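**Q** The structure follows.
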Amino acid sequence: MEFQLKILLVSFFATVLLGIFMIPILKRLKVGQSEREDGPKSHLKKSGTPTMGGIIMAISIIGATIFAFIYYMGKEPEVGKRLIPLIIATIGFGLIGFIDDFKKVILRNTDGLKPSAKMFGLLIVSILYVIYIEKILGIGTDIIIPFWKISIKLPMIIYIPFTIFVMLATTNAINLTDGVDGLATSITLVIVTTITVIAIIFGVKEIIVLGSIVCGTCLGFLIFNLNKAKVFMGDTGSLLLGGVVSCSAIYLKMPLIILIIAAVPVVETLSVIMQVAYYKKTKKRIFKMTPIHHHFELCGWRENKIVSTFSFVTIALCIIGLFSVI
């Protein structure tokens with residue numbers, strides 16, 4: 001565990017140093033956030049705040065992972081090799097987000113990637129990851145059922161589409177959660193910490209290493225991302241973090257635990273689906289605005305209250321999730 005603590009600290013300080021160095025560069029490049037006109041009016045003052053901060057996170061994660069890979073290849077080569085698909089898939093999701101951010105911010109195309117193109121990109125990364133861990137690493141198609149603590153083996157024809165769906169749903173859920181300063185980063189930090197603890201209990205070293213790196217990176221990024229945010233992560237960061245959560249849970253054979261520990265992003269997604277469906281049918285709204293964190297904003301909640309409340313709820317859910325599988 002000594003190395004994992006060191007790699008967490010390395011990723012933390014690397015993220016802080018990168019933030020100090022890169023945020024002024026993003027400002028000079030005028031890589032600023034464009035707030036939605038139909039969003040909360042309080043967000044309009046955030047226009048111009050540097051975005052694409054997910055680049056900072058990605059560089060930190062890649063650098064720390066390379067360091068960990070070199071370390072383990074000299075001691076436990078199998079752990080080093082198994083880090084490769086995890087980091088490639090994580091960065092793959094982040095790359096899709098980067099392309100979307102690049103089109104929005106650099107090319108001034110406010111629509112960014114078309115939803116179909118974005119989903120296609122996420123689908124390709126998901127398919128490649130699932131096929132690799134099954135066909136090359138041979139982790140098996142069994143999944144653990146929370147609370148019952150039993151494992152069931154799924155037929156390949158069900159396992160592959162199911163796990164791909166989990167990856168697509170998780171990345172999009174965390175992407176939707178990124179709408180208030182520090183919200184997605186804080187919630188993901190708690191979720192990834194829980195996944196890392198589970199990996200420690202089950203002795204899955206590659207997930208322990210990746211989780212430690214991502215926790216350190218999130219802690220470092222929060223210094224710049226909490227209200228009042230100096231930088232936003234953009235889709236680059238939110239899709240990257242969604243990739244970490246989904247890839248790690250599937251690797252641990254626990255995709256269903258996401259419904260528990262990531263219930264806040266799940267509810268964020270459901271609020272959007274419910275709002276759209278209800279409005280199409282009745283021309284009325286259930287919530288003042290979705291995702292649901294905007295509803296609470298319009299109810300008078302300050303951003304810090306939303307972040308702290310949603311984070312404490314996530315901590316409680318993660319404790320439940322932890323006990324559901326150990």
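**Q** Per residue of the range 144-152, in order, report the coupling 6.51 cos²θ - 1.76 cosθ + 1.60 (Karplus, θ = phi - 60°) as ³J(HN,Hα) in whole Hz, putting x for Gly and Pro.
**A** Couplings: 8, 8, x, 6, 6, 6, 10, 10, 10 Hz.
**Q** Could you calculate the contour length gain from I201 to W301, that is, 0.36 nm times the residue separation minus the distance between their Cα atoms, to one decimal place in nm?
**A** 32.2 nm
**Q** What residue among I158, I257, I59 has the largest mean-square fluctuation in a Gaussian network model of the chain, using Cα springs under 10 Å?
**A** Largest GNM mean-square fluctuation: I158.
**Q** Might you report the magnitude of the Cβ-based charge dipole of the chain about its Cα centre, with Lys and Arg at +1 and Asp and Glu at -1, to the nearest 20 debye?
**A** The calculation lands at about 820 debye.
**Q** Among V16, V244, V313, whose mean-square fluctuation peaks in a Gaussian network model of the chain (Cα, cutoff 10 Å)?
**A** V313
**Q** Quick check: pseudo-label points 7 Å beyond the Cα along Cα→Cβ at F165 and K27, how many nm apart are they?
**A** 4.7
**Q** Using a ≥ b ≥ c from the Cα gyration tensor of the range 57-157 (square roots of the eigenvalues), is it rounded, prolate or oblate, where a/c under 1.5 gives rounded and otherwise the larger of a/b and b/c decides, a/b for prolate?
**A** In terms of gyration-tensor shape, oblate.
**Q** What FRET efficiency comes out for the pair Y278/N227, r = Cβ-Cβ distance, R0 = 25 Å, nearest 0.05?
**A** It comes to 0.25.
**Q** Here is a further query. What is the order of I61, I195, I326, fewest Cβ neighbours within 10 Å to most?
**A** Exposure proxy ranking, most exposed first: I326, I61, I195.
**Q** Follow-up. Which of F98, F69, F120 moves the most in a Gaussian network model of the chain with Cα springs under 10 Å?
**A** Residue with maximal mean-square fluctuation among F98, F69, F120: F120.
**Q** Something else about it: Obtain the nm distance between the two label points defined at F120 and L137 by a simple spin-label model: each point lies 7 Å from its Cα along the Cα-to-C-beta direction.
**A** 2.8
**Q** So what is the 222 nm mean residue ellipticity for the chain from helices alone, if each DSSP H run of at least 4 adds -39500 (n - 2.57) and you divide by all residues, rounding to the nearest 500 deg cm²/dmol?
**A** Working: 12 runs with 224 residues, N = 326.
So the helix-based figure for the chain works out to -23500 deg cm²/dmol.
**Q** Let me know the shape class of the range 283-326, please: from the alpha-carbon gyration tensor, a ≥ b ≥ c as square roots of the eigenvalues, rounded when a/c is under 1.5, otherwise prolate if a/b is greater than b/c, or oblate.
**A** Note, shape of the range 283-326 comes out oblate.
Every number in this text was worked out from the coordinates using simple rules, so none of it is lab data. As the structure is a prediction and not an experimental result, all values here were calculated from the model. Cβ atoms come from the backbone with ideal geometry, glycine included; neighbour counts cover every protein chain shown.
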